[in-house]
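Working notes, structure below.
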Amino acid sequence: MQASPMNMPAGNVPRHMEDSNTAEPESAADGHTGGQIRSKLNVLSGQPDMEALSASLQARDCMNDNRMDPGMVGGFLPGEERARQLTMRRSNCMWTFIFAVLGIIFAITDNEIRWDSLDDFYNVTKISFTLRLLVVTSTILTLYFLYKYYETLISLRRLSGIRLPPGVSISSLKGGGYWYRFLIDVLIMLPQPLPLLDLNVTIWNKGLGRASVYELNSILCCVMFVRFLYIPRFYGECLSDLQSESTVALGRMNRIKIDENFILKYVIANSMQVVIVLTLIQIVMFAYMMMVFERAVDNGALQHFANCVWLTIITMTTVGYGDEFPTTLLGRMVSVMASIVAVVMLAITVNLVISKLTLSRAESKVISVMDKITLRKELKHKAAVVIQRWIRAHREYMEGERRGSTRGGYMMIPDFKSARRKNMDLRAQVLSNLPLLESINDFKETSDESFANNLQTDVPELVGNLSSQLVQQEKRILELNKKADEVNNLVAKLLAKKKQDTLQRARH
(Lines give C-alpha, C1' and ligand atoms only; values in the text may rest on other atoms or scores of the structure.)
Protein backbone atom coordinates (compact mmCIF):
# COMPACT_ATOMS: atom_id res chain seq x y z
CA MET A 1 0.00 0.00 0.00
CA GLN A 2 1.47 3.31 -1.07
CA ALA A 3 1.70 6.13 1.44
CA SER A 4 -0.28 9.19 0.56
CA PRO A 5 0.97 12.73 1.09
CA MET A 6 -1.51 13.07 3.99
CA ASN A 7 0.18 10.27 5.97
CA MET A 8 3.81 11.14 5.23
CA PRO A 9 5.83 12.25 8.24
CA ALA A 10 7.58 15.55 8.31
CA GLY A 11 10.88 15.59 6.52
CA ASN A 12 10.03 12.64 4.23
CA VAL A 13 8.04 14.51 1.61
CA PRO A 14 9.19 13.72 -1.94
CA ARG A 15 11.19 16.31 -3.78
CA HIS A 16 8.64 16.61 -6.61
CA MET A 17 6.04 17.76 -4.01
CA GLU A 18 8.34 20.43 -2.67
CA ASP A 19 9.21 21.63 -6.18
CA SER A 20 5.75 21.28 -7.66
CA ASN A 21 5.27 25.05 -7.82
CA THR A 22 8.45 25.71 -9.80
CA ALA A 23 6.58 25.62 -13.14
CA GLU A 24 4.82 28.99 -12.55
CA PRO A 25 5.40 31.90 -14.94
CA GLU A 26 8.24 34.29 -14.25
CA SER A 27 5.81 37.17 -13.90
CA ALA A 28 4.59 35.72 -10.59
CA ALA A 29 8.05 35.21 -9.12
CA ASP A 30 7.29 36.87 -5.78
CA GLY A 31 4.08 34.94 -5.23
CA HIS A 32 5.85 31.77 -6.25
CA THR A 33 8.65 32.35 -3.70
CA GLY A 34 6.13 32.96 -0.98
CA GLY A 35 4.23 29.81 -1.92
CA GLN A 36 7.42 27.81 -1.65
CA ILE A 37 8.16 29.20 1.78
CA ARG A 38 4.64 28.46 2.98
CA SER A 39 4.87 24.95 1.54
CA LYS A 40 8.11 24.26 3.42
CA LEU A 41 6.70 25.70 6.66
CA ASN A 42 3.60 23.53 6.34
CA VAL A 43 5.73 20.45 5.78
CA LEU A 44 7.93 21.23 8.78
CA SER A 45 4.87 21.79 10.96
CA GLY A 46 3.29 18.48 9.83
CA GLN A 47 0.38 20.11 7.95
CA PRO A 48 -0.40 18.92 4.41
CA ASP A 49 0.33 21.26 1.52
CA MET A 50 -2.75 21.34 -0.75
CA GLU A 51 -0.79 22.53 -3.81
CA ALA A 52 1.74 19.71 -3.45
CA LEU A 53 -1.10 17.26 -2.84
CA SER A 54 -2.88 18.41 -6.00
CA ALA A 55 0.33 18.07 -8.03
CA SER A 56 0.87 14.55 -6.67
CA LEU A 57 -2.68 13.50 -7.58
CA GLN A 58 -2.27 14.94 -11.08
CA ALA A 59 0.98 12.98 -11.55
CA ARG A 60 -0.73 9.79 -10.38
CA ASP A 61 -3.64 10.33 -12.80
CA CYS A 62 -1.17 10.99 -15.61
CA MET A 63 0.61 7.70 -14.88
CA ASN A 64 -2.71 5.87 -14.76
CA ASP A 65 -3.72 7.38 -18.09
CA ASN A 66 -0.38 6.31 -19.48
CA ARG A 67 -0.67 2.75 -18.14
CA MET A 68 -4.37 2.08 -18.63
CA ASP A 69 -6.62 2.60 -21.61
CA PRO A 70 -9.62 4.77 -20.68
CA GLY A 71 -11.84 2.42 -22.68
CA MET A 72 -10.86 -0.62 -20.63
CA VAL A 73 -12.88 -1.96 -17.75
CA GLY A 74 -11.06 -1.27 -14.48
CA GLY A 75 -10.10 -3.74 -11.83
CA PHE A 76 -7.21 -5.46 -13.65
CA LEU A 77 -3.59 -5.40 -12.63
CA PRO A 78 -1.08 -4.45 -15.34
CA GLY A 79 0.06 -8.07 -15.75
CA GLU A 80 -3.50 -9.37 -15.96
CA GLU A 81 -4.48 -6.62 -18.37
CA ARG A 82 -1.52 -7.42 -20.61
CA ALA A 83 -2.43 -11.12 -20.66
CA ARG A 84 -6.03 -10.23 -21.48
CA GLN A 85 -4.99 -7.93 -24.33
CA LEU A 86 -2.65 -10.58 -25.75
CA THR A 87 -5.49 -13.11 -25.78
CA MET A 88 -7.80 -10.59 -27.45
CA ARG A 89 -5.12 -9.77 -30.05
CA ARG A 90 -4.76 -13.43 -31.01
CA SER A 91 -8.53 -13.92 -31.14
CA ASN A 92 -9.10 -10.82 -33.28
CA CYS A 93 -6.33 -11.86 -35.69
CA MET A 94 -7.88 -15.33 -36.05
CA TRP A 95 -11.38 -13.99 -36.80
CA THR A 96 -9.95 -11.42 -39.22
CA PHE A 97 -8.30 -14.16 -41.26
CA ILE A 98 -11.36 -16.46 -41.09
CA PHE A 99 -13.82 -13.85 -42.36
CA ALA A 100 -11.35 -12.68 -45.04
CA VAL A 101 -11.09 -16.23 -46.41
CA LEU A 102 -14.88 -16.68 -46.15
CA GLY A 103 -15.29 -13.61 -48.32
CA ILE A 104 -13.08 -15.20 -50.99
CA ILE A 105 -15.10 -18.43 -50.84
CA PHE A 106 -18.42 -16.58 -51.18
CA ALA A 107 -17.08 -14.52 -54.11
CA ILE A 108 -15.82 -17.63 -55.96
CA THR A 109 -19.14 -19.40 -55.37
CA ASP A 110 -21.05 -16.42 -56.74
CA ASN A 111 -18.79 -16.20 -59.79
CA GLU A 112 -19.13 -19.91 -60.62
CA ILE A 113 -22.89 -19.93 -60.15
CA ARG A 114 -23.27 -16.99 -62.50
CA TRP A 115 -21.01 -18.61 -65.11
CA ASP A 116 -22.72 -22.00 -65.00
CA SER A 117 -26.23 -20.45 -65.12
CA LEU A 118 -25.87 -17.92 -67.92
CA ASP A 119 -28.83 -19.50 -69.72
CA ASP A 120 -31.00 -19.23 -66.61
CA PHE A 121 -29.86 -15.75 -65.62
CA TYR A 122 -33.07 -14.51 -63.98
CA ASN A 123 -33.43 -17.49 -61.62
CA VAL A 124 -29.87 -17.18 -60.37
CA THR A 125 -30.06 -13.44 -59.64
CA LYS A 126 -31.43 -13.91 -56.14
CA ILE A 127 -28.75 -16.44 -55.21
CA SER A 128 -26.05 -14.19 -56.60
CA PHE A 129 -27.44 -11.18 -54.73
CA THR A 130 -27.46 -13.17 -51.48
CA LEU A 131 -23.89 -14.37 -51.98
CA ARG A 132 -22.66 -10.84 -52.68
CA LEU A 133 -24.40 -9.65 -49.53
CA LEU A 134 -22.52 -12.36 -47.68
CA VAL A 135 -19.28 -11.14 -49.25
CA VAL A 136 -19.97 -7.59 -48.11
CA THR A 137 -21.00 -8.84 -44.65
CA SER A 138 -17.81 -10.87 -44.29
CA THR A 139 -15.79 -7.84 -45.33
CA ILE A 140 -17.53 -5.66 -42.73
CA LEU A 141 -16.87 -8.27 -40.04
CA THR A 142 -13.25 -8.52 -41.18
CA LEU A 143 -12.84 -4.76 -40.90
CA TYR A 144 -14.47 -4.82 -37.46
CA PHE A 145 -12.09 -7.47 -36.12
CA LEU A 146 -9.22 -5.69 -37.85
CA TYR A 147 -10.19 -2.54 -35.96
CA LYS A 148 -10.31 -4.51 -32.69
CA TYR A 149 -6.93 -6.06 -33.52
CA TYR A 150 -5.30 -2.64 -33.86
CA GLU A 151 -7.12 -1.49 -30.76
CA THR A 152 -5.43 -4.24 -28.75
CA LEU A 153 -2.07 -3.37 -30.32
CA ILE A 154 -2.46 0.26 -29.24
CA SER A 155 -3.58 -0.83 -25.76
CA LEU A 156 -0.48 -2.97 -25.43
CA ARG A 157 1.60 0.02 -26.45
CA ARG A 158 -0.02 2.05 -23.70
CA LEU A 159 0.64 -0.70 -21.17
CA SER A 160 4.31 -0.73 -22.17
CA GLY A 161 4.56 2.94 -21.12
CA ILE A 162 4.07 4.77 -24.44
CA ARG A 163 1.69 7.71 -24.14
CA LEU A 164 -0.88 7.57 -26.97
CA PRO A 165 -4.20 9.33 -27.59
CA PRO A 166 -7.31 7.40 -26.55
CA GLY A 167 -9.07 5.07 -28.98
CA VAL A 168 -7.99 4.06 -32.49
CA SER A 169 -7.31 7.26 -34.40
CA ILE A 170 -4.81 8.49 -36.94
CA SER A 171 -2.68 10.08 -34.22
CA SER A 172 -2.69 6.93 -32.06
CA LEU A 173 -1.88 4.72 -35.05
CA LYS A 174 0.97 7.00 -36.08
CA GLY A 175 2.21 7.20 -32.50
CA GLY A 176 2.22 3.43 -32.21
CA GLY A 177 3.83 2.94 -35.62
CA TYR A 178 0.84 1.17 -37.15
CA TRP A 179 -0.58 3.77 -39.53
CA TYR A 180 0.82 2.53 -42.85
CA ARG A 181 0.22 -1.08 -41.87
CA PHE A 182 -3.41 -0.31 -41.00
CA LEU A 183 -3.87 1.60 -44.24
CA ILE A 184 -2.54 -1.32 -46.32
CA ASP A 185 -4.79 -3.78 -44.50
CA VAL A 186 -7.86 -1.66 -45.20
CA LEU A 187 -6.92 -1.28 -48.88
CA ILE A 188 -6.51 -5.06 -49.17
CA MET A 189 -10.08 -5.54 -47.96
CA LEU A 190 -11.73 -3.06 -50.33
CA PRO A 191 -11.78 -5.05 -53.65
CA GLN A 192 -14.86 -7.30 -53.65
CA PRO A 193 -17.95 -8.07 -55.77
CA LEU A 194 -20.81 -5.73 -54.89
CA PRO A 195 -24.56 -6.29 -55.17
CA LEU A 196 -26.35 -4.51 -58.01
CA LEU A 197 -22.99 -3.85 -59.70
CA ASP A 198 -23.37 -5.51 -63.11
CA LEU A 199 -20.76 -3.76 -65.23
CA ASN A 200 -18.62 -5.13 -68.04
CA VAL A 201 -14.98 -4.33 -68.78
CA THR A 202 -13.59 -4.55 -72.31
CA ILE A 203 -9.87 -5.30 -72.81
CA TRP A 204 -8.20 -5.51 -76.22
CA ASN A 205 -6.14 -8.68 -76.83
CA LYS A 206 -3.40 -8.56 -79.44
CA GLY A 207 -3.10 -12.34 -79.45
CA LEU A 208 -6.71 -12.76 -80.55
CA GLY A 209 -6.97 -9.62 -82.62
CA ARG A 210 -10.16 -8.69 -80.83
CA ALA A 211 -11.44 -7.46 -77.50
CA SER A 212 -12.46 -9.60 -74.53
CA VAL A 213 -15.40 -8.70 -72.34
CA TYR A 214 -15.28 -9.46 -68.61
CA GLU A 215 -17.66 -8.87 -65.74
CA LEU A 216 -16.25 -6.34 -63.29
CA ASN A 217 -17.25 -8.56 -60.38
CA SER A 218 -15.22 -11.45 -61.84
CA ILE A 219 -12.11 -9.28 -61.95
CA LEU A 220 -12.78 -8.07 -58.39
CA CYS A 221 -13.16 -11.69 -57.31
CA CYS A 222 -9.67 -12.45 -58.64
CA VAL A 223 -8.24 -9.35 -56.96
CA MET A 224 -9.58 -10.63 -53.63
CA PHE A 225 -6.78 -13.22 -53.59
CA VAL A 226 -4.52 -10.50 -52.15
CA ARG A 227 -6.20 -11.31 -48.83
CA PHE A 228 -3.89 -14.30 -48.59
CA LEU A 229 -1.24 -11.79 -47.53
CA TYR A 230 -2.74 -12.22 -44.06
CA ILE A 231 -1.30 -15.75 -43.87
CA PRO A 232 2.07 -14.76 -42.27
CA ARG A 233 0.30 -12.71 -39.59
CA PHE A 234 -2.18 -15.52 -38.93
CA TYR A 235 0.66 -18.03 -38.64
CA GLY A 236 2.70 -15.80 -36.34
CA GLU A 237 -0.21 -14.87 -34.06
CA CYS A 238 -2.33 -18.04 -33.93
CA LEU A 239 -0.21 -21.02 -35.01
CA SER A 240 3.13 -20.18 -33.42
CA ASP A 241 4.82 -17.93 -30.85
CA LEU A 242 6.71 -15.83 -33.36
CA GLN A 243 4.86 -12.68 -32.27
CA SER A 244 4.80 -13.36 -28.55
CA GLU A 245 6.10 -10.80 -26.07
CA SER A 246 9.31 -12.73 -25.46
CA THR A 247 10.05 -12.99 -29.19
CA VAL A 248 9.35 -9.29 -29.74
CA ALA A 249 11.57 -8.37 -26.77
CA LEU A 250 14.36 -10.58 -28.11
CA GLY A 251 14.01 -8.91 -31.51
CA ARG A 252 14.26 -5.46 -29.95
CA MET A 253 17.41 -6.49 -28.12
CA ASN A 254 18.96 -7.45 -31.47
CA ARG A 255 17.38 -4.50 -33.37
CA ILE A 256 15.16 -6.79 -35.45
CA LYS A 257 11.53 -5.96 -36.15
CA ILE A 258 9.28 -8.99 -35.73
CA ASP A 259 6.72 -8.36 -38.46
CA GLU A 260 5.09 -10.27 -41.32
CA ASN A 261 8.25 -10.10 -43.45
CA PHE A 262 10.37 -11.64 -40.70
CA ILE A 263 7.77 -14.37 -40.04
CA LEU A 264 7.52 -15.22 -43.74
CA LYS A 265 11.31 -15.34 -44.07
CA TYR A 266 11.67 -17.53 -40.99
CA VAL A 267 8.91 -19.97 -41.94
CA ILE A 268 9.99 -20.33 -45.57
CA ALA A 269 13.61 -20.89 -44.56
CA ASN A 270 12.82 -23.52 -41.90
CA SER A 271 9.60 -25.38 -42.76
CA MET A 272 9.20 -27.58 -45.82
CA GLN A 273 5.52 -28.17 -44.96
CA VAL A 274 4.72 -24.45 -45.13
CA VAL A 275 6.54 -24.14 -48.47
CA ILE A 276 4.47 -27.01 -49.89
CA VAL A 277 1.22 -25.46 -48.62
CA LEU A 278 2.11 -22.05 -50.07
CA THR A 279 2.98 -23.66 -53.41
CA LEU A 280 -0.38 -25.47 -53.54
CA ILE A 281 -2.22 -22.24 -52.69
CA GLN A 282 -0.38 -20.43 -55.48
CA ILE A 283 -1.16 -23.17 -58.01
CA VAL A 284 -4.88 -23.09 -57.19
CA MET A 285 -4.97 -19.29 -57.17
CA PHE A 286 -3.18 -18.82 -60.50
CA ALA A 287 -5.16 -21.65 -62.11
CA TYR A 288 -8.48 -20.11 -61.11
CA MET A 289 -7.43 -16.66 -62.31
CA MET A 290 -6.31 -18.19 -65.60
CA MET A 291 -9.66 -19.92 -66.02
CA VAL A 292 -11.64 -16.74 -65.30
CA PHE A 293 -9.63 -14.63 -67.74
CA GLU A 294 -9.61 -17.26 -70.50
CA ARG A 295 -13.36 -17.74 -70.41
CA ALA A 296 -13.64 -14.79 -72.78
CA VAL A 297 -12.34 -17.10 -75.54
CA ASP A 298 -15.09 -19.09 -77.24
CA ASN A 299 -14.64 -22.86 -76.87
CA GLY A 300 -11.18 -22.48 -75.39
CA ALA A 301 -9.42 -25.40 -73.67
CA LEU A 302 -8.56 -23.22 -70.67
CA GLN A 303 -12.21 -22.80 -69.72
CA HIS A 304 -11.82 -25.97 -67.65
CA PHE A 305 -10.12 -25.79 -64.26
CA ALA A 306 -8.15 -29.03 -64.73
CA ASN A 307 -6.49 -27.68 -67.89
CA CYS A 308 -5.63 -24.46 -66.08
CA VAL A 309 -4.06 -26.40 -63.20
CA TRP A 310 -2.01 -28.38 -65.74
CA LEU A 311 -0.85 -25.21 -67.48
CA THR A 312 0.02 -23.52 -64.17
CA ILE A 313 2.10 -26.49 -62.96
CA ILE A 314 3.92 -26.77 -66.29
CA THR A 315 4.59 -23.01 -66.23
CA MET A 316 5.77 -22.91 -62.62
CA THR A 317 8.09 -25.89 -63.11
CA THR A 318 9.60 -24.20 -66.23
CA VAL A 319 8.81 -27.25 -68.39
CA GLY A 320 6.53 -25.57 -70.91
CA TYR A 321 5.18 -28.29 -73.21
CA GLY A 322 3.34 -25.75 -75.32
CA ASP A 323 0.20 -27.85 -75.72
CA GLU A 324 -1.84 -25.19 -73.88
CA PHE A 325 -1.16 -21.47 -73.66
CA PRO A 326 -3.16 -18.34 -72.75
CA THR A 327 -4.30 -16.02 -75.52
CA THR A 328 -5.88 -13.14 -73.61
CA LEU A 329 -3.91 -10.25 -72.16
CA LEU A 330 -4.98 -10.91 -68.57
CA GLY A 331 -4.32 -14.64 -68.97
CA ARG A 332 -0.79 -13.94 -70.15
CA MET A 333 -0.25 -11.57 -67.25
CA VAL A 334 -1.27 -14.35 -64.87
CA SER A 335 1.16 -16.71 -66.61
CA VAL A 336 3.99 -14.19 -66.22
CA MET A 337 3.21 -13.72 -62.52
CA ALA A 338 3.16 -17.50 -62.04
CA SER A 339 6.56 -17.79 -63.72
CA ILE A 340 8.13 -15.10 -61.53
CA VAL A 341 6.69 -16.58 -58.35
CA ALA A 342 7.79 -20.07 -59.43
CA VAL A 343 11.42 -18.94 -59.81
CA VAL A 344 11.39 -17.61 -56.26
CA MET A 345 9.67 -20.71 -54.85
CA LEU A 346 12.05 -23.08 -56.64
CA ALA A 347 15.05 -21.19 -55.27
CA ILE A 348 13.55 -21.34 -51.77
CA THR A 349 12.82 -25.06 -52.15
CA VAL A 350 16.36 -25.86 -53.34
CA ASN A 351 17.86 -23.85 -50.49
CA LEU A 352 15.57 -25.53 -47.98
CA VAL A 353 16.40 -29.02 -49.28
CA ILE A 354 20.14 -28.27 -49.08
CA SER A 355 19.80 -26.93 -45.54
CA LYS A 356 17.76 -29.97 -44.50
CA LEU A 357 20.30 -32.39 -45.98
CA THR A 358 23.29 -30.57 -44.52
CA LEU A 359 24.61 -32.41 -41.48
CA SER A 360 24.82 -30.60 -38.18
CA ARG A 361 27.96 -30.57 -36.08
CA ALA A 362 26.72 -33.38 -33.84
CA GLU A 363 25.66 -35.49 -36.82
CA SER A 364 29.03 -34.95 -38.51
CA LYS A 365 30.79 -36.01 -35.33
CA VAL A 366 28.69 -39.18 -35.08
CA ILE A 367 29.41 -40.06 -38.70
CA SER A 368 33.12 -39.39 -38.14
CA VAL A 369 33.18 -41.75 -35.16
CA MET A 370 31.30 -44.38 -37.18
CA ASP A 371 33.86 -44.04 -40.00
CA LYS A 372 36.67 -44.46 -37.49
CA ILE A 373 35.12 -47.63 -36.12
CA THR A 374 34.59 -49.02 -39.63
CA LEU A 375 38.16 -48.20 -40.68
CA ARG A 376 39.51 -49.76 -37.50
CA LYS A 377 37.61 -52.98 -38.13
CA GLU A 378 38.73 -53.02 -41.76
CA LEU A 379 42.33 -52.36 -40.72
CA LYS A 380 42.26 -55.24 -38.23
CA HIS A 381 40.79 -57.55 -40.84
CA LYS A 382 43.40 -56.66 -43.46
CA ALA A 383 46.20 -56.97 -40.91
CA ALA A 384 44.95 -60.46 -40.08
CA VAL A 385 44.89 -61.33 -43.79
CA VAL A 386 48.52 -60.13 -44.16
CA ILE A 387 49.65 -62.22 -41.19
CA GLN A 388 47.76 -65.26 -42.44
CA ARG A 389 49.22 -65.07 -45.95
CA TRP A 390 52.71 -64.42 -44.62
CA ILE A 391 52.51 -67.51 -42.43
CA ARG A 392 51.25 -69.48 -45.41
CA ALA A 393 54.11 -68.18 -47.60
CA HIS A 394 56.64 -68.98 -44.88
CA ARG A 395 55.25 -72.50 -44.53
CA GLU A 396 55.45 -73.06 -48.28
CA TYR A 397 59.03 -71.84 -48.27
CA MET A 398 60.07 -74.17 -45.46
CA GLU A 399 58.34 -77.16 -47.07
CA GLY A 400 60.09 -76.39 -50.35
CA GLU A 401 63.41 -76.20 -48.59
CA ARG A 402 62.92 -79.63 -47.08
CA ARG A 403 61.69 -81.22 -50.31
CA GLY A 404 64.13 -79.60 -52.69
CA SER A 405 67.39 -80.15 -50.77
CA THR A 406 69.56 -82.66 -52.88
CA ARG A 407 72.99 -81.68 -51.60
CA GLY A 408 75.16 -84.08 -49.71
CA GLY A 409 77.71 -83.98 -46.98
CA TYR A 410 77.66 -81.21 -44.47
CA MET A 411 75.21 -79.11 -46.62
CA MET A 412 72.42 -81.47 -45.49
CA ILE A 413 72.77 -80.04 -41.99
CA PRO A 414 70.47 -76.90 -41.72
CA ASP A 415 72.80 -75.23 -39.22
CA PHE A 416 75.53 -74.88 -41.81
CA LYS A 417 73.32 -72.80 -44.10
CA SER A 418 74.00 -69.11 -43.56
CA ALA A 419 71.32 -66.93 -42.03
CA ARG A 420 71.86 -64.36 -44.77
CA ARG A 421 71.12 -66.93 -47.43
CA LYS A 422 67.95 -67.94 -45.62
CA ASN A 423 66.72 -64.36 -45.39
CA MET A 424 67.43 -63.76 -49.05
CA ASP A 425 65.55 -66.87 -50.06
CA LEU A 426 62.63 -65.96 -47.78
CA ARG A 427 62.49 -62.44 -49.22
CA ALA A 428 62.46 -63.81 -52.72
CA GLN A 429 59.67 -66.18 -51.78
CA VAL A 430 57.60 -63.31 -50.28
CA LEU A 431 58.11 -61.07 -53.30
CA SER A 432 57.03 -63.89 -55.57
CA ASN A 433 53.78 -64.48 -53.57
CA LEU A 434 51.20 -62.21 -55.25
CA PRO A 435 48.30 -62.76 -52.75
CA LEU A 436 50.59 -61.70 -49.91
CA LEU A 437 51.70 -58.56 -51.77
CA GLU A 438 48.07 -57.64 -52.54
CA SER A 439 47.08 -58.00 -48.90
CA ILE A 440 50.06 -55.85 -47.85
CA ASN A 441 49.05 -53.12 -50.32
CA ASP A 442 45.44 -53.22 -49.12
CA PHE A 443 46.59 -52.91 -45.52
CA LYS A 444 48.81 -49.95 -46.40
CA GLU A 445 45.97 -48.13 -48.21
CA THR A 446 43.57 -48.68 -45.32
CA SER A 447 46.21 -47.53 -42.84
CA ASP A 448 46.83 -44.34 -44.82
CA GLU A 449 43.09 -43.66 -45.07
CA SER A 450 42.66 -44.16 -41.33
CA PHE A 451 45.56 -41.83 -40.61
CA ALA A 452 44.13 -39.13 -42.90
CA ASN A 453 40.70 -39.46 -41.31
CA ASN A 454 42.14 -39.17 -37.82
CA LEU A 455 44.18 -36.19 -38.94
CA GLN A 456 41.12 -34.40 -40.35
CA THR A 457 39.23 -34.98 -37.12
CA ASP A 458 41.97 -34.42 -34.59
CA VAL A 459 43.62 -31.33 -36.07
CA PRO A 460 40.51 -29.08 -35.90
CA GLU A 461 39.81 -30.28 -32.36
CA LEU A 462 43.41 -29.62 -31.40
CA VAL A 463 43.33 -26.17 -32.99
CA GLY A 464 40.04 -25.40 -31.24
CA ASN A 465 41.42 -26.52 -27.88
CA LEU A 466 44.57 -24.47 -28.37
CA SER A 467 42.52 -21.43 -29.39
CA SER A 468 40.32 -21.70 -26.30
CA GLN A 469 43.40 -22.11 -24.12
CA LEU A 470 44.96 -19.04 -25.74
CA VAL A 471 41.81 -17.06 -25.07
CA GLN A 472 41.85 -18.16 -21.44
CA GLN A 473 45.52 -17.24 -21.17
CA GLU A 474 44.82 -13.82 -22.65
CA LYS A 475 42.04 -13.28 -20.12
CA ARG A 476 44.39 -14.26 -17.30
CA ILE A 477 47.07 -11.94 -18.65
CA LEU A 478 44.57 -9.08 -18.77
CA GLU A 479 43.49 -9.81 -15.20
CA LEU A 480 47.12 -9.91 -14.08
CA ASN A 481 47.80 -6.62 -15.87
CA LYS A 482 44.79 -5.08 -14.15
CA LYS A 483 45.97 -6.33 -10.77
CA ALA A 484 49.49 -5.07 -11.51
CA ASP A 485 48.08 -1.64 -12.34
CA GLU A 486 46.11 -1.66 -9.10
CA VAL A 487 49.25 -2.62 -7.18
CA ASN A 488 51.24 0.14 -8.94
CA ASN A 489 48.56 2.69 -8.11
CA LEU A 490 48.50 1.53 -4.50
CA VAL A 491 52.31 1.74 -4.29
CA ALA A 492 52.21 5.21 -5.84
CA LYS A 493 49.61 6.30 -3.30
CA LEU A 494 51.66 4.85 -0.45
CA LEU A 495 54.81 6.60 -1.71
CA ALA A 496 52.94 9.88 -2.07
CA LYS A 497 51.52 9.53 1.43
CA LYS A 498 54.96 8.62 2.83
CA LYS A 499 56.45 11.63 1.08
CA GLN A 500 53.70 13.85 2.43
CA ASP A 501 54.25 12.52 5.96
CA THR A 502 57.98 13.13 5.60
CA LEU A 503 57.40 16.73 4.52
CA GLN A 504 55.04 17.32 7.43
CA ARG A 505 57.61 15.94 9.91
CA ALA A 506 60.29 18.12 8.35
CA ARG A 507 58.11 21.20 8.80
CA HIS A 508 57.45 20.39 12.43
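The values are calculated or read from the model by the stated rules, or taken from the named source; none is laboratory data. Remember, it's a predicted structure, so these values are computed and weren't measured experimentally. Quick reminder, even Gly has a Cβ in these numbers, built from the backbone with ideal geometry, and neighbours come from all protein chains shown. All accessible areas refer to the heavy atoms of the entire protein, side chains included, with ligands and DNA or RNA removed. Shrake-Rupley method; radii C 1.70, N 1.55, O 1.52, S 1.80 Å.
Taking segment 173-193 as the range and being surrounded by 15 or more Cβ atoms within 10 Å (Cβ to Cβ) and out of contact with any Cys (no Cβ under 7 Å at 6 or more places or on another chain) as the test, the residues that pass are 173, 175, 176, 178, 179, 181, 182, 185, 188, 189, 191, 192. Tell me, please, whether a residue that is among the aromatic types (Phe, Trp, Tyr) and either under 30 Å from residue 272 (Cα atoms) or open to solvent by 90 Å² or more (accessible area, probe 1.4 Å) (or both) can be found in segment 389-398. Yes - at least one qualifying residue is present in segment 389-398.
Scan segment 279-302 and tell me whether some residue there is open to solvent by less than 70 Å² (accessible area, probe 1.4 Å), in contact with a helix residue (DSSP H, G or I) (Cβ under 7 Å, 6 or more places away or on another chain) and over 30 Å from residue 213 (Cα atoms). So far as segment 279-302 goes, yes, one or more of its residues are open to solvent by less than 70 Å² (accessible area, probe 1.4 Å), in contact with a helix residue (DSSP H, G or I) (Cβ under 7 Å, 6 or more places away or on another chain) and over 30 Å from residue 213 (Cα atoms). Only one entry of 415, 458 meets the criterion of being among the acidic types (Asp, Glu), loosely packed, with under 10 Cβ neighbours inside 10 Å and modelled with pLDDT under 75, and that entry is 415.
Do you know which of the residues in segment 232-246 that are among the hydrophobic types (A, V, I, L, M, F, W, C) and outside any loop (DSSP other than H, G, I, E, B) is most open to solvent (accessible area, probe 1.4 Å)? By that ranking, first place goes to 239. If the condition is being touching a helix residue (DSSP H, G or I) at 6+ places or on another chain (Cβ under 7 Å), open to solvent by 20 Å² or more (accessible area, probe 1.4 Å), assigned to a helix (DSSP H, G or I) and free of Cβ contacts under 8 Å to residues at least 40 places away in the same chain, then segment 303-335 contributes 303, 305, 307, 309, 313, 315. Cβ-Cβ distances below 9 Å connect no pair with a first residue in segment 179-192 that is without any contact (Cβ under 8 Å) to a residue 60 or more places away in the chain and in a helix (DSSP H, G or I), a second residue that is charged (D, E, K, R) and loosely packed, with under 11 Cβ neighbours inside 10 Å, and a separation of six or more residues or different chains.
Here residue 211 fulfils each of the conditions (1) closer than 30 Å to residue 109 by Cα; (2) touching a residue at least 40 places away in the same chain (Cβ under 8 Å); (3) open to solvent by less than 40 Å² (accessible area, probe 1.4 Å); (4) of a type outside the set (Asp, Glu) apart from (2). Looking across segment 146-161, just one residue is touching a helix residue (DSSP H, G or I) at 6+ places or on another chain (Cβ under 7 Å) and assigned to a loop (DSSP other than H, G, I, E, B), and that is 161. Residues that are at pLDDT 90 or above and under 27 Å from the mean Cα position of the chain (by Cα) are absent from segment 156-163.
Can you pull out the residues in segment 436-453 that are touching a residue at least 40 places away in the same chain (Cβ under 8 Å), polar (S, T, N, Q) and either surrounded by 18 or more Cβ atoms within 10 Å (Cβ to Cβ) or closer than 16 Å to residue 388 by Cα (or both)?
439, 446
On the stretch given as segment 96-111, residues that are open to solvent by 50 Å² or more (accessible area, probe 1.4 Å) and either at pLDDT 95 or above or of a type outside the set (Phe, Trp, Tyr) (or both) total 4. Scanning segment 67-84 for residues that are modelled with pLDDT under 85 and not in a loop (DSSP other than H, G, I, E, B) gives 67, 78, 79, 80, 81, 82, 83. Just checking, does segment 336-347 include any residue being under 26 Å from the mean Cα position of the chain (by Cα), surrounded by 14 or more Cβ atoms within 10 Å (Cβ to Cβ) and more than 30 Å from residue 296 (Cβ to Cβ)? Within segment 336-347, one or more residues are under 26 Å from the mean Cα position of the chain (by Cα), surrounded by 14 or more Cβ atoms within 10 Å (Cβ to Cβ) and more than 30 Å from residue 296 (Cβ to Cβ).
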